[in-house]
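Everything on this sheet refers to the single structure shown next.
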Amino acid sequence: MLIVGERINTSRHAVNEAVNSRNAAAIQREVRLQIDGGADLIDVNAGSRRDSEADDLLWLMEVIQGDFPEVRLCIDSADPNIMNTVLDKVGLPPMLNSTTGERSRLETMTPVIQKRPCDIVALCMDDQGIPKSAGQTVENAVRLVSYLEGLGVNRENIYLDPVIQAVSANSHAGIMALEAIDGIRRELDGVHIISGLSNISFGLPRRPLVNRAFLILALKAGLDAAILDPSDRGLMSALKAAQVLLDQDPWCQAYTRAFREGRLDT
């Protein structure tokens, strides 16, 4: 499973303060925490700072790439123009988070997507809004993949997001998400399926417990990438155990290595 570390987000108070004061050391500690926890990419989001988002995003990217040149970045912005501005400053091929099936969003993201080879996160929603059923999610996914392939994006670079909703607001949201993941996996061979994991538990107490249970169920349904907090040792330990049980960890090598390194938390 591909792990995208979510902690470099200015909606978090500590990160926002670090950006305000240009405290590079604080950002580097956050990145190191995520890499040590198992992150493959680092999501970088300064979207809460609308008046200075582009400058702040560029500063964050410079700090991270200066100290961790081997780590790929996931550029996370709701503004395609900002993505276009910062894209040339990314060293390794990045992930772009994100586009949707909404016509206006696809049109404005098209030149960004075509600018250089990237992985693309595509949310399975269209002009009708957030899907109301797993079937609608799969239909949106099929249209998105068709459009992106028409732009020359290979399937292995497409990460479909089934738009996970909070079970606190809709008790059917968990089942719908799992059915959507399974449906996309069956319908679209070769694409990846990604999720902002913690959306499922929004509004509930003991959110990490719900996140862990959902991650295991989603892994079985076909999820193969997640945006999450890799410093959550319980979550990462549950992931390692689930991969063993689902035959996704040959000879239990990753699990036993994590045990020897003291990274398993019961």
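The values are calculated or read from the model by the stated rules, or taken from the named source; none is laboratory data. Not measured: the values here are computed from a predicted model. Cβ: placed from backbone, ideal geometry, glycine included. Neighbour counts: every protein chain shown. Side chains included, ligands, DNA and RNA excluded: accessible areas come from the protein's heavy atoms. Shrake-Rupley method; radii C 1.70, N 1.55, O 1.52, S 1.80 Å.
Here A39 qualifies as open to solvent by less than 20 Å² (accessible area, probe 1.4 Å) and at pLDDT 95 or above. The conditions of being under 19 Å from G222 (Cα atoms), part of a helix (DSSP H, G or I) and without any contact (Cβ under 8 Å) to a residue 12 or more places away in the chain are met by E139.
The condition (being free of Cβ contacts under 8 Å to residues at least 40 places away in the same chain and touching a strand residue (DSSP E or B) at 6+ places or on another chain (Cβ under 9 Å)) is satisfied by just one residue among I113, I120, I64: I120.
Taken together, R143, R116 contain a single residue that is of a type in the set (K, R), surrounded by fewer than 21 Cβ atoms within 10 Å (Cβ to Cβ) and farther than 15 Å from G183 by Cα, which is R116.
Mind counting the residues in the range 114-127 that are closer than 30 Å to D67 by Cα and acidic (D, E)? Don't jump to the end; show me each part of the working.
As a first pass, look at the range 114-127 and keep what is closer than 30 Å to D67 by Cα: 114-122.
Restricting the remaining residues to those that are acidic (D, E) gives 119.
Of the residues in the range 114-127, 1 are closer than 30 Å to D67 by Cα and acidic (D, E).
There is at least one residue in the range 44-58 that is buried (at least 19 other Cβ atoms within 10 Å of the Cβ), within 30 Å of E139 (Cα to Cα) and in contact with an Asp or Glu (Cβ under 9 Å, 6 or more places away or on another chain). Against the test of being aliphatic (A, V, I, L, M) and open to solvent by less than 50 Å² (accessible area, probe 1.4 Å), the options L188, L209 yield a single qualifying residue, L188.
Against the condition at pLDDT below 95 and either within 18 Å of Q136 (Cβ to Cβ) or basic (K, R) (or both), how does R207 come out, does it pass? Before you say what the answer is, go through the steps one by one.
Numbers: at pLDDT below 95: no; either within 18 Å of Q136 (Cβ to Cβ) or basic (K, R) (or both): yes.
It is false that R207 is at pLDDT below 95 and either within 18 Å of Q136 (Cβ to Cβ) or basic (K, R) (or both).
Among V19, V63, V31, which is the only one that is at pLDDT 95 or above, under 19 Å from the mean Cα position of the chain (by Cα), aliphatic (A, V, I, L, M) and assigned to a helix (DSSP H, G or I)? The unique qualifying residue is V31.
Per-residue answers, yes or no, for (1) buried (at least 18 other Cβ atoms within 10 Å of the Cβ); (2) modelled with pLDDT under 95; (3) at positive phi:
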| residue | (1), (2), (3) |
| --- | --- |
| S201 | yes, no, no |
| A213 | no, no, no |
| L223 | yes, no, no |
| A226 | yes, no, no |
| V244 | no, no, no |
| T266 | no, yes, no |
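Might you let me know whether the range 44-67 holds any residue that is closer than 30 Å to K240 by Cα and of a type in the set (G, A, S)? No: zero hits. Among residues of the range 84-113 being acidic (D, E) and open to solvent by 70 Å² or more (accessible area, probe 1.4 Å), the one that is farthest from V71 (Cα to Cα) is E107. Checked against the criterion of being within 19 Å of the chain's Cα centre (by Cα), of a type in the set (K, R) and open to solvent by 10 Å² or more (accessible area, probe 1.4 Å), the range 150-170 has at least one qualifying residue. Just a yes or no: is a residue in the range 231-241 open to solvent by less than 50 Å² (accessible area, probe 1.4 Å), within 29 Å of E149 (Cβ to Cβ) and over 17 Å from the mean Cα position of the chain (by Cα)? Within the range 231-241 (the criterion being open to solvent by less than 50 Å² (accessible area, probe 1.4 Å), within 29 Å of E149 (Cβ to Cβ) and over 17 Å from the mean Cα position of the chain (by Cα)), the answer is no, since none of the residues qualifies.
Would you say G262 is part of a loop (DSSP other than H, G, I, E, B), modelled with pLDDT of 95 or more, out of contact with any His (no Cβ under 7 Å at 6 or more places or on another chain) and farther than 20 Å from D182 by Cα? No: the conditions fail for G262.
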